[in-house]
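The structure under discussion appears below in the form of structure tokens.
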Amino acid sequence: MRHTLPIAPQFYVTAPQACPYLEGRMERKLFTALQGEHAQKLNDTLSKQGFRRSQNVLYRPSCAECSACLSARIRVADFTPSRTQKRIQKRNALLRRNPTSPWATEDQYTLFRRYLDHRHADGGMADMDVFEFAAMIEETPIRSRVIEYTRAAPDGGRNRTLAAVSLTDVFDDGLSMVYSFYDPDLTPQSLGTYLILDHIEIAREAGLPYVYLGYWVPGSRKMGYKAGFDALEIYKAGAWQQIGDPADHRAELHPLSVDPIAEQVARIALPEARPGQAPA
């Protein structure tokens, strides 16, 4: 009888640093390398357990003070846009979607810099140069796409202007919005919300059941908008569940909500290598 063995990556923990979502708290991440022939399978499996990709690393918050960062995803088949979201779709109806391979361009970087300078000047990515930006876009060991959104040139010219960009990963069960940015002059058009709505449409067209949004954090105004989407699930206590009332998740802000690192790692389900293959 031939047996399969689990792909067995090594897990590590980062040093604590200031939390970007909750003032006065410290952040710590559990992470593993994403590389080799099993990268896509490992990414698909761990992403369903609350992990996110950053270049060739998969990570999940594992803080000592709370467990507030809850991975969030939208069930595409059950999603119905709100009245406000329908207005946002109509407001952006003239934008043109252009999916491309993960390759960085000067136009993308120029828009990215303007976005950071206006929206996140004090954030952790504020000092990112063009080479680091290219690495964020291009260093992906899995199936990824850059989805550009363009609008008619303001001066009436023939060339269209870049309005928004999303770096998007393709899972076996959905799309993951790794990072998005847009023209700050178009803030009234609610492009951040529109990109999520359009990704729901892309997933529906592709027959994929979920759109992964990263982390929703109870108590964080910065992440609160995600709770405004219909059919939203969060990954909590080892399972995906309907978000329900956001106020019901305040217990995750308490230090006693945190399990020891060893227990967290022991509960991670790993994919199996095909028969005859050695673990990665």
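The values are calculated or read from the model by the stated rules, or taken from the named source; none is laboratory data. Keep in mind it's a predicted model, so treat the numbers as computed, not measured. Neighbour counts are summed over all protein chains in view; Cβ atoms, including those assigned to glycine, are modelled from backbone coordinates with ideal geometry.
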What is the residue count in the range 51-84 for residues that are part of a loop (DSSP other than H, G, I, E, B), at pLDDT below 95 and not polar (S, T, N, Q)?
-> 6
Does Tyr210 count as of a type in the set (Phe, Trp, Tyr), within 15 Å of the chain's Cα centre (by Cα) and either at pLDDT 95 or above or within 29 Å of Arg145 (Cβ to Cβ) (or both)?
-> yes
The range 26-40, residues that are charged (D, E, K, R), touching a strand residue (DSSP E or B) at 6+ places or on another chain (Cβ under 8 Å) and in a loop (DSSP other than H, G, I, E, B) | Arg28
Quick one: count up the residues across the range 219-266 that are at pLDDT 90 or above and among the basic types (Lys, Arg).
-> 2
Which numbered condition trips up Pro102, out of (1) more than 20 Å from the chain's Cα centre (by Cα); (2) surrounded by 13 or more Cβ atoms within 10 Å (Cβ to Cβ); (3) assigned to a loop (DSSP other than H, G, I, E, B)?
-> (1)
Could you list, in sequence order, all residues of the range 229-264 that are within 11 Å of Leu70 (Cβ to Cβ), touching an Asp or Glu at 6+ places or on another chain (Cβ under 7 Å) and surrounded by fewer than 16 Cβ atoms within 10 Å (Cβ to Cβ)?
-> Gln241
Per the filter on the range 31-69, residues of a type in the set (Ser, Thr, Tyr) and within 17 Å of Pro260 (Cα to Cα) are Tyr59, Ser62, Ser67
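For every residue, the table says whether it meets (1) crowded, with 17+ Cβ neighbours inside 10 Å; (2) touching a Phe, Trp or Tyr at 6+ places or on another chain (Cβ under 6 Å); (3) within 21 Å of Gly224 (Cα to Cα).
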{"site": "Pro20", "(1), (2), (3)": "no, no, yes"}
{"site": "Met26", "(1), (2), (3)": "no, no, yes"}
{"site": "Phe31", "(1), (2), (3)": "yes, yes, no"}
{"site": "Cys63", "(1), (2), (3)": "yes, no, yes"}
{"site": "Ser67", "(1), (2), (3)": "yes, no, yes"}
Single residue of the range 194-228 satisfying the filter (in a loop (DSSP other than H, G, I, E, B) and either aliphatic (A, V, I, L, M) or in contact with a helix residue (DSSP H, G or I) (Cβ under 7 Å, 6 or more places away or on another chain) (or both)) that is surrounded by the most Cβ atoms within 10 Å (Cβ to Cβ) = Val217
Might you check whether a residue that is assigned to a loop (DSSP other than H, G, I, E, B), modelled with pLDDT of 95 or more and buried (at least 18 other Cβ atoms within 10 Å of the Cβ) occurs anywhere in the range 152-171?
-> yes
Count of the range 8-29 residues which are of a type in the set (A, V, I, L, M), free of Cβ contacts under 8 Å to residues at least 60 places away in the same chain and under 27 Å from Leu42 (Cα atoms) = 1
Here are some conditions: (1) in a helix (DSSP H, G or I); (2) surrounded by 11 or more Cβ atoms within 10 Å (Cβ to Cβ). Arg97 meets all but one. Which one does it not meet?
-> (1)
